[in-house]
Amino acid sequence: MMRSDMIEITCTILEIRDKSIKITDGTTKEFPDKRTGELVEREVWYFLPRSQIESDEELEEGKTMVIQIPEWLGAEKGLV
């Protein structure tokens, strides 16, 4: 059962590290290209601490899944 202060995020797990994961929720944004300086649109990546993530499934790179994170973390990272 999900705690009341948790929110659900549908995301794709891009990378799993010892203490964090890198995800995308499909949001795109314009970023300057490091070589040319031109604005290019790409997915926004979010790094989340593994200690703050709950999931009914095992985390797996490349998988799209629903995870639960504290509402404050979602707000801090711009996911809500």
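Think of the chain as having a plus end and a minus end, set by charges on the Cβ of Lys, Arg, Asp and Glu; of Val80, Leu14, Thr36, Thr36 sits farthest toward the positive end of this dipole. Remark: the Cα gyration tensor places the range 14-80 in the prolate category, a/c being 1.5 or greater and a/b exceeding b/c.
Protection proxy ranking, highest mean first, for peptides 64-72, 12-20: 64-72, 12-20, where packing is the per-residue count of other beta-carbon atoms within 10 Å, averaged.
Per residue, the accessible area of the chain comes to 70 Å², computed with a 1.4 Å probe over protein heavy atoms only.
Taken over the chain, lysine pairs spaced eight or more positions apart, or on distinct chains, with alpha carbons under 20 Å apart number 5. When only the Cβ of Lys, Arg, Asp and Glu is charged (+1, +1, -1, -1), the dipole of the chain relative to its Cα centre reaches about 320 debye.
The values are calculated or read from the model by the stated rules, or taken from the named source; none is laboratory data. Note that the structure is a prediction, hence the values are computed from the model and not measured. As a convention, Cβ positions derive from the backbone with ideal geometry for all residues, glycine included, and neighbour counts pool all protein chains shown. Note: areas computed on protein heavy atoms with side chains; ligands, DNA, RNA excluded. Shrake-Rupley method; radii C 1.70, N 1.55, O 1.52, S 1.80 Å.
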